[in-house]
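Asks: This is the structure I have questions about; it appears just below.
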There are 2 protein chains.
Amino acid sequence: MSADQVITVRGDAELAARAGHLFTGARHDFVCAARDLDTWSQPEARLRIAGGMRAPDAPGFTVRKLLSPAALADEGARRHLREVTAKGAHVRISSAPLPHETIIIDRRVMILAAGDDGPGPREFTVTTVPALIGGVYALFQAAWETATDFTAYFDGAMPHLDADGLAVLRELGAGHTDEAAARRLGLSLRTYRRRVAALMAALDAGSRFQAGLRAAELGL
Amino acid sequence: MSADQVITVRGDAELAARAGHLFTGARHDFVCAARDLDTWSQPEARLRIAGGMRAPDAPGFTVRKLLSPAALADEGARRHLREVTAKGAHVRISSAPLPHETIIIDRRVMILAAGDDGPGPREFTVTTVPALIGGVYALFQAAWETATDFTAYFDGAMPHLDADGLAVLRELGAGHTDEAAARRLGLSLRTYRRRVAALMAALDAGSRFQAGLRAAELGL
DNA sequence: CCCGGACTGGCAGCTTGCTGCCACCGCGTT
DNA sequence: AACGCGGTGGCAGCAAGCTGCCAGTCCGGG
């Protein structure tokens, strides 16, 4: 048994001072799981760090960001995500809330931050213990595998799903026949089918089977 | 900044001696992510620990296990999983490999173990640092949310999917019409539809939409 | 008021999906 | 050979899904 190295720093400034070189020194991969992008309260610190990082599309270097749907709330965040994906970063959306932020650099350094609860400066926990990082990396992989890609999630069809679109989706998922579903929704058969057709167009699915597939992919 | 508490122990015996009370002291929840169940090389240590744990169905106590499909490889493991689910534990299957094992008890203690690489005794890393545990717990949640339930995964339909069942599934997913798909597979229309019907029965889906849904849930 | 647009419902007709029935084929058993 | 069995294909008929067309309704604007 032995004690090992875990340090905690308070506030962005101290993190940038103590761990900024870790960001700029990323060589192989950079993974990040967070609720949204408002993770650096001080934009200047964020810029200082980001400025020194390798480009996401550099050869042999991958950047992955796993975010919760909250990250898509405002247009600014969406634009930023489109920019980083254009630069080669991979962004996926997980349905889980992800209250804590996790960053792993080259599978050798891990930085964890609690959500912004409390008034004081945020606390960051930095560690290099391989066993910790390995375990967290495995969980990240598991969450990553099953998360949906940002572009699919966003450009796909998600945005334009109103309330009765979802109702139709539920009826379809319940396996009701069109006639039964139309009755349950108080619609005529004709209109219900119009809705279904619109839905399938939105999911650009050629068949109902495909529509079910896509719907499941995008989180029912 | 401050240094904090992370200790590593070697071998099951030392873990049981030093951390056994953590297992038996679990009061609120017990979560575990691992590749399979062969995680305790010494069955007696496992039994000693398990014997003292609270029953999974005790009020206010939840047990969750997240495993990779490898855990379903042999019949013994499947039987064991059926037993623990019957006792109230929740078991889900993630498509990710999960090379490392992670255990979190009451969101206060975390135990990480590397995969069984190397000849020596396994190393376990035990920590109580809240920030670390919070971050890992969030990732676990994310992976858990999107994993499929063990009973659905197993009792459902997964086992009985032969090669041409998958071929049919692919055709359906590609959105081809039955006629086109049958031609592509060199089958008659009648037989193709028989296959589809069998598939839908296996997925017990009443409609093709539902079948697509289930297929996506169970991993296309 | 009338007009245009968006949404809805009914009708009709077509395509597609689904299934029961029968016939055929290959195979191993009797 | 005869038989049963499982898988396959064709046919027919029904049910379900899909869409074009027209008519009615409900606005908001000219």
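Asks: Take every residue in peptide B:124-131, count the Cβ atoms of other chains within 10 Å of its Cβ, and give the average of those counts.
Replies: Other-chain Cβ atoms within 10 Å of each residue's Cβ, averaged: 5.
Asks: Next up: So how much accessible area does residue A:200 have, in Å² to the nearest 10, using a 1.4 Å probe?
Replies: 40 Å²
Asks: For residue A:13, place a label point 7 Å out from Cα along the Cα→Cβ vector, do the same in each other copy, and report the separations in nm, one decimal, smallest first.
Replies: 5.3
Asks: Give the nm distances, rounded to one decimal, from residue A:62 to the matching residue in every other copy, measuring between label points 7 Å along Cα toward the beta carbon; shortest first.
Replies: Result for residue A:62, in nm, nearest copy first: 3.1.
Asks: A follow-up question, please. Averaged over peptide B:6-19, how many Cβ atoms belonging to another chain are found within 10 Å of each residue's Cβ?
Replies: 2
Asks: Another question, if that's okay. Given a 1.4 Å probe and no ligands, DNA or RNA in the count, how much accessible surface is buried by B and A, both sides, to the nearest 100 Å²?
Replies: For chain B against chain A, roughly 4200 Å² becomes buried.
Asks: As I understand it, the dipole of segment A:157-217 uses +1 on the Cβ of Lys and Arg and -1 on the Cβ of Asp and Glu, about the Cα centre. Which of A:213, A:176, A:201 lies farthest toward its positive end?
Replies: Among A:213, A:176, A:201, the one farthest towards the positive end of the dipole of segment A:157-217 is A:176.
Asks: For peptide A:195-206, what's the mean number of Cβ atoms from other chains within 10 Å of each residue's Cβ?
Replies: Mean inter-chain Cβ contacts per residue within 10 Å come to 1.
Asks: Sort shortest first the distances from residue B:77 to its counterpart in every other copy, using label points 7 Å along the Cα-to-beta-carbon line, and give them in nm.
Replies: 3.7
Asks: If you don't mind, another one. Sequence neighbours fewer than 8 away in the same chain don't count; with that in mind, list the lysines whose C-alpha is under 25 Å from residue B:65.
Replies: B:87
Asks: Compute the convex hull volume of the Cα atoms of segment B:157-217, divide it by the residue count, and report the result per residue in Å³ as a whole number.
Replies: Hull volume normalised by residue count: 73 Å³.
The values are calculated or read from the model by the stated rules, or taken from the named source; none is laboratory data. The shown structure was predicted, so the numbers you read here are calculated from the model rather than taken from an experiment. FYI the Cβ positions are ideal-geometry reconstructions off the backbone, even for glycines, and counts take in every protein chain you see. Ligands, DNA and RNA are excluded from the accessible area calculation, which covers all protein heavy atoms including side chains. Shrake-Rupley method; radii C 1.70, N 1.55, O 1.52, S 1.80 Å.
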